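S.K.: Sharing a structure, written as structure tokens. Questions coming.
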Amino acid sequence: MALSRGGLDRHSELRTEPGLLDVLLDDPATRVVELVDGRAEIAEADEGDGGVVLRYRSPDERDRGRFVAYLGHDAPTGGTAYLLSVGSDGDAAPEDPTRRGLRAVGARLGDLDAGILTTATGLANWHARHGFCSQCGSATEPAHSGWIRVCPVDQSEHYPRTDPAVIMSVVDDRDRLLLARGVGFAPQGMSVLAGFVEPGESLAGAVAREVVEEVGVTVQDVTYLGDQPWPFPSSLMIGFTARAVSTELTLQESEIEAAQWFDRDEFSRAIADGSLRISQRISIARRLIEHWYGEEIDVPDRPLKG
Ligand SMILES: [Zn+2]
């Protein structure tokens, strides 16, 4: 999973240390990742293998007036500290090619950089969307080195939220995979089904409900395969495979334009002749499809939507 990689030690016990951010901002050895409109400075990796690296900098005056958060260290003890600094839209040109977002470069980053940019993106997105107290509506303020927000009126604490979503490969008794084209996908685009978990619902229950809702298929044997954060803006994608006990497709027209069962030969041909475009490498959908297919699928990444 491209966005589930480790490398960053979050050291959550340090977040409540008074003055931690000031100490780290005064230390030129601290590495700052700056996000402007969700995009960080990147450079091609020295290896020349298509990989990219994040370009960190030392803290400077710009960081003093901004939202800054402590992300962690690159070692369990000692090591280098990493800070997130969130700039405003005017701090970078919209078309600056040296700045890219996680979705564009996440699969090409090394483990440490991927962990840092995934965490930084999720945290920045949460702060940008949760500036007001859900109890009384007052403007809230960051605390715990950027990991919570506190209401100054009623002192309520607000923690970053993550929205669980299930995503599932549905396979029938002939080992065919179900793919569907969501509304807004490219004409060739298809993927596995996914949906948000509702209040009061188990993960397996959400898998079964979403599949019935979207394509009218009943599933059993829901089995966990893996998960990854998907901070666009705040999801955790939890991947499953499920066995279809019915195969007739009844589409939910508001969400699904088309759906089809593929055996491996049909799938291989459609990928090869370009009539089928699947989710990009960074996505858990791609991993679920490859898990069914039995090997990595080597096609150029193209957006599923649009
Ligand atoms: Zn409040």
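The values are calculated or read from the model by the stated rules, or taken from the named source; none is laboratory data. Keep in mind it's a predicted model, so treat the numbers as computed, not measured. Virtual Cβ from ideal backbone geometry, glycine too; neighbours counted across all protein chains shown. Heads up: the accessible areas ignore ligands, DNA and RNA and are worked out on the full protein's heavy atoms, side chains in. Shrake-Rupley method; radii C 1.70, N 1.55, O 1.52, S 1.80 Å.
S.K.: Give me a count of the residues in segment 151-172 that are assigned to a strand (DSSP E or B), open to solvent by 40 Å² or more (accessible area, probe 1.4 Å), within 16 Å of the ligand (Cβ to nearest atom) and not charged (D, E, K, R).
M.R.: Going through segment 151-172, the residues assigned to a strand (DSSP E or B) turn out to be 157-158, 163-171.
Then keep just the ones that are open to solvent by 40 Å² or more (accessible area, probe 1.4 Å); that gives 157, 164.
If we keep only those that are within 16 Å of the ligand (Cβ to nearest atom) too, we end up with 157.
From what is left, the residues that are not charged (D, E, K, R) are none.
Here the count works out to 0.
S.K.: Please enumerate the residues belonging to segment 127-138 that are open to solvent by less than 60 Å² (accessible area, probe 1.4 Å) and either at positive phi or not in a loop (DSSP other than H, G, I, E, B) (or both).
M.R.: Passing the criteria: His127, Gly137.
S.K.: Additional query: Search segment 274-306 for residues being open to solvent by 60 Å² or more (accessible area, probe 1.4 Å) and more than 19 Å from the chain's Cα centre (by Cα), and hand back the single one that is farthest from Ile238 (Cα to Cα). Full working, then the answer.
M.R.: We begin by selecting, within segment 274-306, every residue open to solvent by 60 Å² or more (accessible area, probe 1.4 Å); these are 275, 280-281, 287, 291, 294-296, 298, 300-303, 305-306.
Now drop any that are not more than 19 Å from the chain's Cα centre (by Cα), which leaves 275, 291, 294-296, 298, 300, 306.
Numbers: Ser275: 28, His291: 15, Gly294: 20, Glu295: 21, Glu296: 20, Asp298: 24, Pro300: 25, Gly306: 25 Å.
It comes out as Ser275.
S.K.: A further question on this structure: Among the residues of segment 103-140, what is the count of those that are more than 18 Å from Ser283 (Cβ to Cβ) and in contact with a Pro (Cβ under 6 Å, 6 or more places away or on another chain)?
M.R.: 1
S.K.: If a residue has to be in contact with a Leu (Cβ under 9 Å, 6 or more places away or on another chain) and of a type in the set (D, E, K, R) to count, how many in segment 188-212 make the cut?
M.R.: Residues meeting the conditions: 1.
S.K.: Given the options Val215, Val245, Val192, name the one that is more than 30 Å from Asn125 (Cα to Cα) and open to solvent by less than 40 Å² (accessible area, probe 1.4 Å).
M.R.: Val215
S.K.: What pairs can you find where one residue is in segment 63-77 and of a type in the set (D, E, K, R), the other is part of a strand (DSSP E or B) and open to solvent by 40 Å² or more (accessible area, probe 1.4 Å), and their Cβ atoms are less than 6 Å apart, with a gap of 6+ or different chains?
M.R.: Arg66/Val86
S.K.: Among the residues of segment 53-106, write down those that are assigned to a helix (DSSP H, G or I) and either open to solvent by 50 Å² or more (accessible area, probe 1.4 Å) or in contact with a strand residue (DSSP E or B) (Cβ under 9 Å, 6 or more places away or on another chain) (or both). Working first, answer last.
M.R.: Step one: of segment 53-106, the residues assigned to a helix (DSSP H, G or I) are 61-65, 89-91, 102-106.
Glu61, Arg62, Asp63, Arg64, Gly65, Asp89, Gly90, Asp91, Leu102, Arg103, Ala104, Val105 - these are the residues of segment 53-106 that are assigned to a helix (DSSP H, G or I) and either open to solvent by 50 Å² or more (accessible area, probe 1.4 Å) or in contact with a strand residue (DSSP E or B) (Cβ under 9 Å, 6 or more places away or on another chain) (or both).
S.K.: The conditions are (1) open to solvent by 20 Å² or more (accessible area, probe 1.4 Å); (2) modelled with pLDDT of 95 or more; (3) in a helix (DSSP H, G or I), and Ala43 fails exactly one of them. Which is it?
M.R.: (3)
S.K.: So which residues in segment 3-40 are touching a residue at least 60 places away in the same chain (Cβ under 8 Å), within 19 Å of the chain's Cα centre (by Cα) and either over 30 Å from Ile238 (Cβ atoms) or surrounded by 20 or more Cβ atoms within 10 Å (Cβ to Cβ) (or both)?
M.R.: Listed by number, the residues that qualify are Leu3, Leu8, Val33, Leu35, Val36, Gly38, Arg39, Ala40.
S.K.: Among the residues of segment 116-132, are any within 16 Å of the ligand (Cβ to nearest atom), farther than 17 Å from Pro233 by Cβ and in contact (Cβ under 8 Å) with a residue 24 or more places away in the chain?
M.R.: Looking for residues that are within 16 Å of the ligand (Cβ to nearest atom), farther than 17 Å from Pro233 by Cβ and in contact (Cβ under 8 Å) with a residue 24 or more places away in the chain, one finds none in segment 116-132, hence no.
S.K.: Go through segment 208-232 residue by residue and tally those that are in a strand (DSSP E or B), of a type outside the set (Phe, Trp, Tyr) and within 24 Å of the chain's Cα centre (by Cα).
M.R.: Filtering segment 208-232 for residues in a strand (DSSP E or B) gives 219-230.
Then keep just the ones that are of a type outside the set (Phe, Trp, Tyr); that gives 219-223, 225-229.
Within this subset, residues satisfying the condition of being within 24 Å of the chain's Cα centre (by Cα) are 222-223, 225-229.
Summing the residues that are in a strand (DSSP E or B), of a type outside the set (Phe, Trp, Tyr) and within 24 Å of the chain's Cα centre (by Cα) in segment 208-232 gives 7.
S.K.: Then there is this: Being out of contact with any helix residue (DSSP H, G or I) (no Cβ under 9 Å at 6 or more places or on another chain) and among the hydrophobic types (A, V, I, L, M, F, W, C) is true for just one of Ala81, Ala93, Ala2, Ala40. Which residue is that?
M.R.: Exactly one of Ala81, Ala93, Ala2, Ala40 is out of contact with any helix residue (DSSP H, G or I) (no Cβ under 9 Å at 6 or more places or on another chain) and among the hydrophobic types (A, V, I, L, M, F, W, C), namely Ala93.
S.K.: Also, quick follow-up: If you check Gly146, Gly106, Gly184, Gly101, which single one turns out to be within 30 Å of Ser246 (Cα to Cα), among the small types (Gly, Ala, Ser) and more than 16 Å from the ligand (Cβ to nearest atom)?
M.R.: Gly184
S.K.: May I ask you to list pairs of residues, at least six apart or on different chains, whose Cβ atoms are under 6 Å apart, with the first in segment 139-166 being without any contact (Cβ under 8 Å) to a residue 40 or more places away in the chain and the second being charged (D, E, K, R) and surrounded by 14 or more Cβ atoms within 10 Å (Cβ to Cβ)?
M.R.: Thr140/Arg149; His158/Arg149
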